[in-house]
Amino acid sequence: MAGYRRILVALDFSESNARTAALAAEWAAAFGGQLLLASVVPLSGEREAEVRAAMETFAVPGGAELVESRTVVKALSPDLGLLQLAH
């Protein structure tokens, strides 16, 4: 079935992330895809260790086996970091 094979899930570790990740997992399962979890930190590296730790322990409700990668990117802004990953 054609569809979404790689779904980029941007995380900021807010309360809504669990529901967002669960929905992305549903889509990945339906289309035989994989999840790419990502978070962006400032170029200065501020909070990088904290974000990396949160990324490693972030649980995807109903879709742990669908996670292909967990990435933390340094960028000028979240949108630029996510755009870099999307390319």
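The values are calculated or read from the model by the stated rules, or taken from the named source; none is laboratory data. The shown structure was predicted, so the numbers you read here are calculated from the model rather than taken from an experiment. Note: ideal-geometry Cβ built from the backbone for every residue, glycine included; neighbour counts use all protein chains shown.
Tell me whether region 41-50 contains one or more residues that are acidic (Asp, Glu), under 14 Å from the mean Cα position of the chain (by Cα) and at pLDDT 95 or above. There is no residue in region 41-50 that is acidic (Asp, Glu), under 14 Å from the mean Cα position of the chain (by Cα) and at pLDDT 95 or above. Taken over region 1-38, residues that are within 19 Å of GLU56 (Cβ to Cβ) and either in contact (Cβ under 8 Å) with a residue 60 or more places away in the chain or touching an Asp or Glu at 6+ places or on another chain (Cβ under 7 Å) (or both) amount to 6. One residue stands out in region 39-79 among those that are in a helix (DSSP H, G or I) and touching a residue at least 12 places away in the same chain (Cβ under 8 Å): the one that is surrounded by the fewest Cβ atoms within 10 Å (Cβ to Cβ), namely GLU56.
When you scan region 1-11, do you find a residue that is crowded, with 19+ Cβ neighbours inside 10 Å, part of a helix (DSSP H, G or I) and hydrophobic (A, V, I, L, M, F, W, C), even just one? Checked against the condition, which is being crowded, with 19+ Cβ neighbours inside 10 Å, part of a helix (DSSP H, G or I) and hydrophobic (A, V, I, L, M, F, W, C), region 1-11 yields no hits at all.
If you go through region 61-87 and keep only what is closer than 21 Å to GLY32 by Cα, at pLDDT 95 or above and of a type in the set (A, V, I, L, M), you end up with LEU66, VAL67.
Taken over region 34-59, the criterion of being closer than 19 Å to ARG6 by Cα and touching a strand residue (DSSP E or B) at 6+ places or on another chain (Cβ under 6 Å) is satisfied by GLN34, LEU35, LEU36, LEU37, ALA38, SER39, VAL40, MET55.
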